[in-house]
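Asker: Below is the structure I would like to discuss, written out as structure tokens.
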Amino acid sequence: MKRKYMELHSAFLAKIDECMNTSLPELEKIQNCFWASVKFAELLKEQALANGFEDEAAEIEFFREIKPEFLSYLEFFVMAFEALSYGSSGAQDLSTFWNGEMERFGRFYNKNQTFISYYHSGRRDLDKEYFLRTSVAYHGGFHANMYNEGPAFHSAKDWVIAAYFANKMFFGFAKDKLMSYSKQDLTFIDLDEHTSTTINSGIQ
């Protein structure tokens, strides 16, 4: 990660730690982390658009590696807030609920397995198609609206990487919740070696 973004990323993670390490109820912590994520996503956008990109390689690096590191947290905190809100409503047994929430990662992984395999393979032959802004028509949509994107801050696949990281974090979050509500020994199948990532371990 380039130094100009490393400083912003470090400040962002410090803010997340600050939000989580308070005596507030968990739902309020998650909500505060969400708003911190919104703030830093906007700072990232402002910085990227102000500085521009030196060349195609820099643009690809930004949309492949840097932007997802920030935006994944925004999506994760949306998922966590919604799950905690529903789970606390007493609508169903909590063990059943959190077990169901864990299954979200598997569904996402299976739907996007081809691209995720490309991302982890070390291949770069499709990077221009996936991570240059000029390679994709801007259509908006759910993720673009969530991230307050416009065509100048949008590539074809950066949102998939962000959602992938978010779903991995949420899997770890839901797994911890399930284990806290269940007294039986639980065995889980990790879909890849990063599956158990949690919000305090960062994105690997």
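Asker: So which residues in the stretch 18-47 are touching a residue at least 60 places away in the same chain (Cβ under 8 Å) and of a type in the set (D, E, K, R), if there are any at all?
Answerer: Across the stretch 18-47, the qualifying residues are Glu42, Lys45.
Asker: Also: Which one of these does Asn145 not meet: (1) loosely packed, with under 12 Cβ neighbours inside 10 Å; (2) within 30 Å of Glu26 (Cα to Cα); (3) at pLDDT 95 or above?
Answerer: Of the numbered conditions (1) loosely packed, with under 12 Cβ neighbours inside 10 Å; (2) within 30 Å of Glu26 (Cα to Cα); (3) at pLDDT 95 or above, the odd one out for Asn145 is (3).
Asker: Go through the stretch 3-44 and give me each residue that's surrounded by 15 or more Cβ atoms within 10 Å (Cβ to Cβ), of a type outside the set (A, V, I, L, M, F, W, C) and modelled with pLDDT of 95 or more.
Answerer: Correct list: His9, Lys15, Lys29, Gln31, Asn32, Ser37.
Asker: Could you please find all residues in the stretch 65-109 being aliphatic (A, V, I, L, M) and farther than 24 Å from Leu132 by Cβ?
Answerer: So the first thing to find is which residues in the stretch 65-109 are aliphatic (A, V, I, L, M), and the list is 66, 71, 74, 78-80, 83-84, 91, 94, 102.
Correct list: Val78, Met79, Ala80, Ala83, Leu84, Ala91, Leu94, Met102.
Asker: Also: Pick out the one residue from Ile203, Ile189 that is surrounded by 12 or more Cβ atoms within 10 Å (Cβ to Cβ), assigned to a loop (DSSP other than H, G, I, E, B), on the phi < 0 side of the Ramachandran plot and at pLDDT below 90.
Answerer: Ile203
Asker: Still on this structure: Here are some conditions: (1) more than 28 Å from Ala48 (Cβ to Cβ); (2) acidic (Asp, Glu); (3) surrounded by 12 or more Cβ atoms within 10 Å (Cβ to Cβ); (4) more than 20 Å from the chain's Cα centre (by Cα). Glu129 meets all but one. Which one does it not meet?
Answerer: In the conditions (1) more than 28 Å from Ala48 (Cβ to Cβ); (2) acidic (Asp, Glu); (3) surrounded by 12 or more Cβ atoms within 10 Å (Cβ to Cβ); (4) more than 20 Å from the chain's Cα centre (by Cα), Glu129 misses (1) alone.
Asker: Of all residues in the stretch 48-95, count the ones that are farther than 30 Å from Lys4 by Cβ, without any contact (Cβ under 8 Å) to a residue 12 or more places away in the chain and surrounded by 12 or more Cβ atoms within 10 Å (Cβ to Cβ). Quick ask: steps written out before the conclusion?
Answerer: Just the residues of the stretch 48-95 that are farther than 30 Å from Lys4 by Cβ, to begin with: 81-95.
The next check asks that each one be without any contact (Cβ under 8 Å) to a residue 12 or more places away in the chain; those that pass are 82, 86, 89-93.
Those still in the list that are surrounded by 12 or more Cβ atoms within 10 Å (Cβ to Cβ) too: 82, 86.
Qualifying residue count, the stretch 48-95: 2.
Asker: Another question, then. Give me the helices (runs of 4 or more DSSP H) completely within the stretch 1-66, filtered to those with at least 2 residues that are touching a strand residue (DSSP E or B) at 6+ places or on another chain (Cβ under 9 Å), ordered by residue number.
Answerer: none
Asker: Taking the conditions exactly as written (loosely packed, with under 14 Cβ neighbours inside 10 Å, at pLDDT below 95, out of contact with any strand residue (DSSP E or B) (no Cβ under 9 Å at 6 or more places or on another chain) and not in a helix (DSSP H, G or I)), does Gly100 satisfy them or not? Reasoning before the result, please.
Answerer: Values: loosely packed, with under 14 Cβ neighbours inside 10 Å: yes; at pLDDT below 95: yes; out of contact with any strand residue (DSSP E or B) (no Cβ under 9 Å at 6 or more places or on another chain): yes; not in a helix (DSSP H, G or I): no.
Spelling it out, it is not the case that Gly100 is loosely packed, with under 14 Cβ neighbours inside 10 Å, at pLDDT below 95, out of contact with any strand residue (DSSP E or B) (no Cβ under 9 Å at 6 or more places or on another chain) and not in a helix (DSSP H, G or I).
The values are calculated or read from the model by the stated rules, or taken from the named source; none is laboratory data. What you see is a predicted model; the values in this text were computed from it and never measured. Ideal geometry is used to build each Cβ from the backbone, glycine not excepted, and the neighbour counts take in all protein chains shown.
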